[in-house]
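The values are calculated or read from the model by the stated rules, or taken from the named source; none is laboratory data. Note that the structure is predicted; figures quoted are calculated from it, not measured. Every residue, glycine among them, receives a Cβ derived from its backbone with ideal geometry; neighbour counts consider all protein chains shown.
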Amino acid sequence: MYQVLNCVVTEHDWRLVVLGGTICWLASAVAISLLHRAKASQGHTRAIWIGLDAAVGGCGIWATHFVAMLAYDPGTGAGYNIPITLMSLVFAVAISAVGFGIALLNDRRSTMAIGGAVVGIGVAAMHYTGMMALEIPARIV
């Protein structure tokens, strides 16, 4: 745990960390607002709201992670594999759409919790895919 904390404190640009947190907060607020709009609608209109929510929520998830990745300075040149980075964005948006759709199937808390868990899986899939995109001239252990 100490190594992780030391990495965050000494190897990250705090301005970008704060920017990532701000992006996360704003994207979350908008995603929740759009989810409420989707819940209040029906049929084709609901599908449009879910799609918009997935785009905003997924892009917000991805942007938060990518800005935090840009904040990391390992002390050596770092780059990103563009196709894998874009794949992490697709995962964030697509899996969020599935999760939001599940959450709105009915009004039961368990269904909403399952939808939230699916969005969490989307965050994890985006995170690990995004980490795979990081290219540094070193061996990661």
Check: Within the set of pairs 6 or more residues apart or between chains, which connect a residue that is touching a residue at least 60 places away in the same chain (Cβ under 8 Å) inside region 9-33 to a residue that is outside any helix (DSSP H, G or I) with Cβ atoms less than 8 Å apart?
Finding: E11/Y72; E11/D73; E11/P74; E11/G75; H12/Y72; H12/D73; D13/D73
Next item on the list: Select, from G116, G77, G120, the only residue that is surrounded by fewer than 16 Cβ atoms within 10 Å (Cβ to Cβ), in contact with a Pro (Cβ under 7 Å, 6 or more places away or on another chain) and either at pLDDT 95 or above or not hydrophobic (A, V, I, L, M, F, W, C) (or both).
Entry: G77
Check: Conditions: (1) in contact (Cβ under 8 Å) with a residue 40 or more places away in the chain; (2) assigned to a helix (DSSP H, G or I). P137 meets all but one. Number of the miss?
Finding: (2)
